[in-house]
Amino acid sequence: MNSAPADIDAVSAPPAHDSVTPSVLRGVMSRFATGVTVITVGGEHLHAMTANAFSSVSLDPPSVLCSVGHGAVMHKALTSAGRFAVNILGAEQEPLARHFADNKRTLGAAQFDDVAWAPGERTGAPLLGGSLAWLECELTAAHSFGDHTIFIGTVLAAGQTGDGQGLLFVDGRFGKPELSGR
Ligand SMILES: Cc1cc2nc3c(=O)[nH]c(=O)nc-3n(C[C@H](O)[C@H](O)[C@H](O)COP(=O)(O)OP(=O)(O)OC[C@H]3O[C@@H](n4cnc5c(N)ncnc54)[C@H](O)[C@@H]3O)c2cc1C
């Protein structure tokens, strides 16, 4: 077994696993500012869900990941459909983010009432009007760990539709970026 460098050994030991309760981890991760996406699935599994556990994975092949809770309706929809889209929300789309994170919304096509969208050419998954950018993906791999599954999608098509600012999520709140010059 490789031994850790002496200076790392000197650092206090990490807390026991049991002390990292869900609320501790939620609190810590809430300090990590993210953008906000809405993941969508089309066709007979028509569904959408707000998600910020989203990241690029690889440029070649182009791929992204999202992490979805086992209990979410999206988990089954995504697994069944095998294709999905990711909509990157703009700063003005907080109501949309709240809507697709609301576990009291109706299922199926009704959740898209009052939402402008068009089916993506490659996946049929809803591309939401007003989003800053979108990706259409083919589900390539799924890794279940703990209470979530990491879904990796190969990007079939992607584009930017707006040049506005992105919607942020940090400290449990939505916000708009206040960036200094580029
Ligand atoms: C900023 C932000 C980021 C988030 N990021 C993530 C993320 O990265 N990953 C993640 O997993 N979650 C994330 N969430 C949480 C997620 O958006 C919500 O939990 C969302 O409601 C889950 O969507 P869902 O439709 O898949 O499941 P649900 O909300 O559980 O279900 C939707 C609707 O279907 C109903 N329903 C459920 N099961 C049945 C059934 N069998 N028959 C009939 N009706 C049923 C529910 O009552 C509800 O009305 C995030 C939330 C926010 C605010």
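For a paramagnetic label modelled at 7 Å from the Cα of Lys76 toward its Cβ, which residues of region 137-153 fall within the zone defined by backbone nitrogen distances under 18 Å?
Residues 148-149 fall inside that zone.
Can you give the local net charge around His70? Use residues other than it whose beta-carbon is closer than 10 angstrom to its beta-carbon, Lys and Arg +1, Asp and Glu -1.
Values: positive: Lys76; negative: Asp147.
With Lys, Arg at +1 and Asp, Glu at -1, the net is 0.
What residues from region 26-43 fall in the zone where the backbone N is under 20 Å from a label point 7 Å along the Cα-to-C-beta line of Gln165?
Only 31-38 pass the distance filter.
Using 1/(1 + (r/R0)^6) with R0 = 25 angstrom and r between the beta carbons of Val20 and Phe145, what's the FRET efficiency to the nearest 0.05? Don't jump to the answer; show the numbers that get you there.
Values: r = 15 Å, r/R0 = 0.60.
Efficiency, from the Cβ-Cβ distance: 0.95.
Ser63's amide H: which non-local residues (gap 5+, or another chain) put their own amide H closer than 5 Å, with H modeled 1.01 Å from N in plane and none for Pro or chain starts?
Here the answer is Val57, Ser58, Val155, since their amide H atoms fall under 5 Å of that of Ser63.
How would region 56-105 be classified by its alpha-carbon gyration tensor: rounded, prolate or oblate, with rounded meaning a/c under 1.5 and the a/b versus b/c comparison settling the rest?
On the way: a/c = 2.59, a/b = 1.24, b/c = 2.09.
Oblate, since a/c reaches 1.5 and b/c is not below a/b.
Quick one: Karplus J couplings for region 152-161, per residue in order, coefficients 6.51, -1.76, 1.60, θ = phi - 60°, nearest Hz, x for Gly and Pro?
9, x, 7, 7, 8, 7, 7, x, 10, 10
Within region 32-47, list the residues whose amide N lies under 16 Å from a label point set 7 Å along Cα→Cβ of Ala157.
40-43
I'd like the per residue volume of the convex hull spanned by the Cα atoms of the chain, given in cubic angstrom. Intermediate results must be reported in sequence, preceding the final value.
On the way: hull volume 32.7 nm³, N = 182.
Measuring per residue, one finds 180 Å³ for the Cα hull of the chain.
Could you pull out every residue, at least 5 positions away or on a different chain, whose amide H is within less than 5 Å of the one on Gly166? Hs are placed 1.01 Å off N in the peptide plane, and Pro or chain starts have none.
Correct list: Ala91.
A short reminder: the numbers here are calculations on the coordinates, not readings from a lab. Computed from a prediction, not measured in an experiment: that's the story for all the values here. Heads up, the Cβs are rebuilt from the backbone with ideal geometry, glycines too, and the neighbour counts pull from every protein chain shown.
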